[in-house]
1. Choose one answer from B:Pro188, B:Pro63, B:Pro221: the residue with the largest mean-square fluctuation in a GNM of chain B with alpha-carbon springs under 10 Å.
2. Based only on other Cβ atoms within 10 Å, what is the fewest-to-most ordering of A:Thr531, A:Thr67, A:Thr271?
3. What is the fewest-to-most order of A:Val272, A:Val720 by other Cβ atoms lying within 10 Å of their Cβ?
4. For the range B:112-216, run through the trypsin sites (Lys or Arg not before Pro) and keep only the ones in DSSP coil with at most 12 other Cβ atoms within 10 Å of their Cβ.
5. At a Cα cut-off below 24 Å, give the lysines reachable from A:Lys548, other chains included and same-chain residues fewer than 8 away excluded.
6. Within 10 Å, count the other beta carbons around each residue, average over each peptide in A:450-459, B:38-47, A:734-743, and list them highest first.
7. Could you tell me which of the pairs A:Lys264/A:Lys413; A:Lys164/A:Lys745; A:Lys413/A:Lys600; A:Lys179/A:Lys606 are separated by over 21 angstrom between their Cα atoms in the structure shown?
8. Compare the Cα positions of B:Gly147, B:Thr66, A:Thr367 along the charge dipole of the protein assembly as shown (+1 at Cβ of Lys, Arg; -1 at Cβ of Asp, Glu; about the Cα centre) and return the one farthest towards the positive end.
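Every read-out reported here was derived from the displayed coordinates using simple, explicitly stated rules and does not represent laboratory data. Bear in mind the structure is a predicted one, so any value in this text is a computation, not a measurement. Note: ideal-geometry Cβ built from the backbone for every residue, glycine included; neighbour counts use all protein chains shown.
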Amino acid sequence: MTTRTWTGSEPGADASVPVGRAVGQPVDRRDGHAKVTGAVRFSAEHHYPNLTYAKLVHATVARGTITGIDTAAAAAVPGVVAVLTHLNAPRIKPPRKINIVRNLGPDVSGTDVDYLNTDQVFWDGQPIAVVIAETSAAANEAAPLVEVTYDLLPARVDFAVEQKNATPAKGDLTFSGVKKKGDAEAALAAAEVSVDLRYTTPGLQHNAIEPHATVAVWDGDHLTVHDTTQSIHQTSHYLAWRFGVPASHVRVRAEFLGGGFGGKFSVWPGTVIAAMAAKAVGRPVRLALSRTAVNRATGGRTASTNRIALGATRDGRLTSLIQDSITRTGSAGGLLEATSSPARHLYGAENMLTRQNLVAMDLMPNTWLRAPGEAIGSFVLESAMDELAYELSMDPIALRLRNEPATDPTGGKKFSQRMQCEAFDRGAERFGWADRDPEPRSMRDGEWLVGMGTATAFHPVLRLVADVKVRLSDDGSVLVQCGFHEMGMGAATVQAQIAADALGIAYEKVHVEYGDSVLPTGPMAGNSNQTATVATSVLAACAELTRKVSALARRTGTSGQEPAAALRAAGTPFLDASVGSDTRLGALGSQGRFLSTFLKDQRWSKAARGAQFCEVRVNADTGELRISRWLGMFDVGHIINPKTAASQLRGAVVTGIGMALSEQSLIDPRNGRTMSAGLDSYYLPVHADIPPIDVAWLDEPDKTMPLGIIGLGEVGTTGVAAAIANAVYHATGKRIRDLPITLDKLL
Amino acid sequence: MKSFSYLSAPDTVTALRTIADSENVKFLAGGTNLVDLMREGIEEPATLVDITRLPLTGIEELPDGTLRVGALVSNSRLAADPLIRTRYPVLAKAILLGASAQLRNMATVGGNLLQRTRCMYFYDEASACNKRVPGSGCDAIGGFSRGSAVLGTSEHCIAAHPSDMAVALVLLDAVVEVESVRGIRRVPVADFHRLPGDTPHIETVLAPDELITAVELPPVPVAAHSRYRKVRDRASYAFALVSVAAALAVKDGVVTDIRLALGGVATKP
């Protein structure tokens, strides 16, 4: 087993990689040149004749009824075409009430608010009107002129207060509200050594570099939508249903996204309102949200309060593991943040109790944000493990290895692959963990206290299903079509590598079409599922195509020559192979395949895993926290493209650093208003906050997954906050149990 | 943003006459704060007078050792100037720890002095803010006030002044030269900004038609040993939680001269 990496100082491979050896090469992303030269069109950049520009007007109360809405001044601004409110907006089919249990289904909407068709306000920031104008300048000038009056209703907006009203969560399709094994409370009370702690995390916001945007164009009852979405097919079906047209009449295009992170997974108000506006004015509408609008009208991560208790024998064997979490939803939607996921699957504790509790509040409904559940849960559990290690006077890695389970601690399934110990061993060696004096506050460099921390990274695998069509043409080129999403991870590049090798064709001859709902149905991009999901179908389609080509080659006597020779010899311009299709049979086939894959996968416990290591420096006088070094050692199966994979893992670590150091939603507890609505008040990390990030992986294939791919992205975020908090404890002797770790907490 | 007229002043006389004669005129130099405020609807000038063609870009040494810095000198140019770096290193450092390289290239000395608070309630049209709408209240009091002032506050306003450069200028006893159709006057920088009191919307002693033309730095020997330390919630591109400009002279183990100025904690530098 060799540890592999891609540091960024070696050049990527260009498109001319040897035939049959594309997979595993650090091929430069194929859209890279177009992106840096501005040739790529993001959703907001599609132009249509007669285009109008729209701007949202947002409610400024958390809960209430609109009693008056005066649009006269706004409408009078030169260039304004229309101002739509609940009084005059086109009526469309009302949304269904969101049921958390059904979340992954056709209800892809982030909220169940009937935008612009209701006088009810459910959160401060909810869009309640839209200005449509000839220019964006006119729309921007007019929007603030809309005057609104409200009847206020009592609003639950302070999580610190409301959490005492939380009730046990029922759970959803993939995650149950409670999981028990034995009697964890009794075991905790009887344990030789124990910790019983409270960990809290704030709300967070995605702030992808590209704000949400929609360009909507009607042509009769056909709708084309360029939308910043991670779910083009689900969005297409949702819009068709709401607007009462056949699904085949709604085309959703999202060829390029400037980051998603889960914030573009659901349908948010702008998408529906843009389509509504386009219908109302009979012209194409571009609704590009401002940064402020993104932070007030699209969801973020919920805050959380967690009890975490660990009981152990004196030699470090866990006898009890308890996690009791409270998170929130909005009154108009939201989801269960599965914070006890790591607790259920990482350690072989004899007795376990994990419980999720929810409280509905009158805030923006929460949504998925990179590693939902595990990002928070890994901070909680992995910090607690570190606290327990200190109570036991045991090395934190040794404590984890001692509790390495043989099968999944919840349900006993076998691991399809689990190289957690190897990740820690290789990681510790590469990082120099042995150089650490375990005593807190023992390492110093001038005015800087130095510390090292480690934590487990963990993200479960979810495989969805993809329809794929592959066409070989007689000129030797190959076209792969599938409606998957490119959020900046290099998705198309990787599938081209896979298809090239599967067909024995040069990588540069493979073209990939994606990001369009007219293409075969691809998976939603989330849960780090896309590469493996699409690869499963690409490989199947390529195998089918190879069979057809071989048969043709035998008939034409061109066996042994390059694949296109058979087509030329037969006078056949192209050959197709598909997995799934648009037909009813194809749709049933897709469902069948999903069920079959899902059930097969359910026999195993599968996850991306790793070990995070960091070194921090804390200023002894000011509490300023700097991260000086990072290593993530990952068990993520076989890596198709080391360059794009390393970038994804580095980026994920950066997300975790932001979570630990500086990010927090500032929702004013007096009125529920999101005050952290801009990049000046929501503190994403800057370049100067980020150390060199070393990422490496074991590159062992998971034999139950296509090409051994486990999938990554989100795993890189998990364990980061805990590694930092643990390093801070090591440096200062101060244990921080609330994020972000700001300097005042270290004084 | 509300529609506005734009004209580019060819000389100082035209600029001063235009602002004296017309209503609701503002000068535009780098625009790194003003344009943001216009986008947010906080400033709504009817006319912008672009002053970037005015001859206010020199850094010259006067006979008595004073350094005269033209109001249009960019922040980055000022921070890079060799005389500034040797005689007033605190000023160069303070500028470099603020904003970003792109912003420092565009921002001017005059504009930096006039920049307005970044208080999130000042920026939010739905929040009560006496600076933005006199008499409407102050939602920062009792709200998210981590970056707000603790010195020089009143019950009407706790907004911190955001400029790092101005803190260094206060340490150095700089003098601000301003001009209008009525003539020239000189204001010590320590007196240039006002405390909020019960009129937080009036931030400086400038008359509406006055133009900053220069900032003069007197000789300050102790400033040759000066530093600027800025503490904030991330390593760069953030306003100070606390900053300190300090100049110190030590002879034979005894402090013979010391100057301190604070930033991030007060309503004026």
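1. Looking only at B:Pro188, B:Pro63, B:Pro221, the biggest GNM fluctuation is shown by B:Pro63.
2. The order, fewest Cβ neighbours first, is A:Thr67, A:Thr271, A:Thr531.
3. Details: A:Val272 26, A:Val720 32.
Lowest to highest Cβ neighbour count: A:Val272, A:Val720.
4. Working: sites: B:Arg116, B:Arg118, B:Lys131, B:Arg132, B:Arg146, B:Arg182, B:Arg185, B:Arg186, B:Arg194; in loops: B:Arg116, B:Arg118, B:Lys131, B:Arg132, B:Arg146, B:Arg182, B:Arg194.
Sparse-neighbourhood loop trypsin sites (Lys or Arg not before Pro): B:Arg146, B:Arg182.
5. Correct list for A:Lys548: A:Lys469, A:Lys509.
6. Details: A:450-459: 27.6, B:38-47: 16.2, A:734-743: 19.7.
Ranked by mean Cβ neighbours within 10 Å, highest first: A:450-459, A:734-743, B:38-47.
7. Working: A:Lys264/A:Lys413 33 Å; A:Lys164/A:Lys745 25 Å; A:Lys413/A:Lys600 12 Å; A:Lys179/A:Lys606 18 Å.
With Cα atoms farther than 21 Å apart: A:Lys264/A:Lys413; A:Lys164/A:Lys745.
8. A:Thr367
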